[in-house]
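What follows is a short report on a single structure.
The values are calculated or read from the model by the stated rules, or taken from the named source; none is laboratory data. Everything numeric in this text was worked out from a predicted model, so none of it was measured. Every residue, glycine among them, receives a Cβ derived from its backbone with ideal geometry; neighbour counts consider all protein chains shown.
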């Protein structure tokens, strides 16, 4: 929840993170810290290993107030893909399989919209063909093809021989590489400009260390036209074996104003009635009745903003911390 003129970045950040499990408190704390430091507005988690009956509680504890969607199905019972977003943006899911979630993102404050796909591909080459086919179908949909489109995730597939490293000999999956390249060419996908790690996965083995580029940020031409400065950061993996992807739609961190929102809990503060009455009655304005009403409402809004700063700042995080402390007693 944001108050009026709360500083949000005009540059939107979007993440995708194969976190290799989110059931332990340690992993949740690590993830929460990374998200707080990165400041994205929306993103996707892959390979959570969380059963559906536990998903809502974990999200409420770590992302209070954020909205979410999953792809739990009979073929994806362990939370293969979660998507989460700050309510400052609107997200509508319109395609969901066991290997991807595609949604529309609408930022009314910046008057922007784009399509976003989170991918978590299967290891099996035959199953990946279903993913390539779904991406092709999404591309062939005319509105989708001409709309900015960002595709993020773990494709479980390298494209070139130099995207794999190991001490011991490794047979390159040439057929899988060719089919992935064919999908990229057919859908007219392009690699988003990136920095950070070149290889995004490692096997953590001492005697035969191996790394690969399995995670990617792909876009279409319409995306590059709309967001010419967009870039991807492949960050340090943290506690996972995959590097998180953090996409910024611009290099500029310009600030924007967010419309004021009134919440009913303002009225629960004992100072609220008196301060509002004083603001309403003390405002002296000249002009017609409509102008006078606007001035009075602005004065009342300033009272609400003062209460937010003094008593309700960061209320979602504070509520989550209090709940967590209560549950540990």
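Tallying residues that are part of a loop (DSSP other than H, G, I, E, B), in contact (Cβ under 8 Å) with a residue 12 or more places away in the chain and surrounded by fewer than 16 Cβ atoms within 10 Å (Cβ to Cβ) within the range 62-82 yields 4.
For the range 37-49, the condition of being more than 19 Å from residue 237 (Cβ to Cβ), in the same structural domain as residue 249 (by TED's automatic domain parsing), modelled with pLDDT under 90 and surrounded by 16 or more Cβ atoms within 10 Å (Cβ to Cβ) holds for none of the residues. Here residue 291 passes the criteria (1) surrounded by 13 or more Cβ atoms within 10 Å (Cβ to Cβ); (2) modelled with pLDDT under 65 except the one numbered (1). Condition test on residue 237, is it in the same structural domain as residue 30 (by TED's automatic domain parsing), within 22 Å of residue 40 (Cα to Cα) and over 19 Å from the mean Cα position of the chain (by Cα)? Considered against the rule, which asks whether it is in the same structural domain as residue 30 (by TED's automatic domain parsing), within 22 Å of residue 40 (Cα to Cα) and over 19 Å from the mean Cα position of the chain (by Cα), residue 237 comes out as no. Inspection of the range 133-150 finds no residue satisfying the criterion of being farther than 21 Å from residue 226 by Cα and in a loop (DSSP other than H, G, I, E, B). Here residue 166 clears all of (1) more than 19 Å from residue 121 (Cα to Cα); (2) out of contact with any strand residue (DSSP E or B) (no Cβ under 6 Å at 6 or more places or on another chain) except the condition numbered (2).
Going residue by residue through the range 103-117, is there one that turns out to be exposed (fewer than 13 other Cβ atoms within 10 Å of the Cβ) and in contact with a helix residue (DSSP H, G or I) (Cβ under 8 Å, 6 or more places away or on another chain)? Within the range 103-117, not a single residue is exposed (fewer than 13 other Cβ atoms within 10 Å of the Cβ) and in contact with a helix residue (DSSP H, G or I) (Cβ under 8 Å, 6 or more places away or on another chain). Taking the stated definitions as given, is residue 191 farther than 29 Å from residue 30 by Cα and at pLDDT 95 or above? So residue 191 does not fit the description; no. If only one of 114, 94 is touching a residue at least 60 places away in the same chain (Cβ under 8 Å), over 21 Å from residue 35 (Cα atoms), in a strand (DSSP E or B) and more than 12 Å from the chain's Cα centre (by Cα), which one is it? Being touching a residue at least 60 places away in the same chain (Cβ under 8 Å), over 21 Å from residue 35 (Cα atoms), in a strand (DSSP E or B) and more than 12 Å from the chain's Cα centre (by Cα) holds for just one of 114, 94, which is 114.
Taken over the range 50-61, the residue count meeting the criterion of being assigned to a helix (DSSP H, G or I) and either surrounded by fewer than 15 Cβ atoms within 10 Å (Cβ to Cβ) or at pLDDT below 90 (or both) is 5. Total residues in the range 137-173 satisfying the condition of being loosely packed, with under 14 Cβ neighbours inside 10 Å and on the phi > 0 side of the Ramachandran plot: the figure is 0.
For every residue, the table says whether it meets (1) within 28 Å of residue 194 (Cα to Cα); (2) modelled with pLDDT under 90; (3) in contact with a helix residue (DSSP H, G or I) (Cβ under 9 Å, 6 or more places away or on another chain).
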| site | (1), (2), (3) |
| --- | --- |
| 219 | yes, no, no |
| 222 | yes, no, yes |
| 225 | yes, no, no |
| 238 | yes, yes, yes |
| 242 | yes, no, no |
| 253 | yes, yes, no |
| 257 | no, yes, no |
| 272 | no, yes, yes |
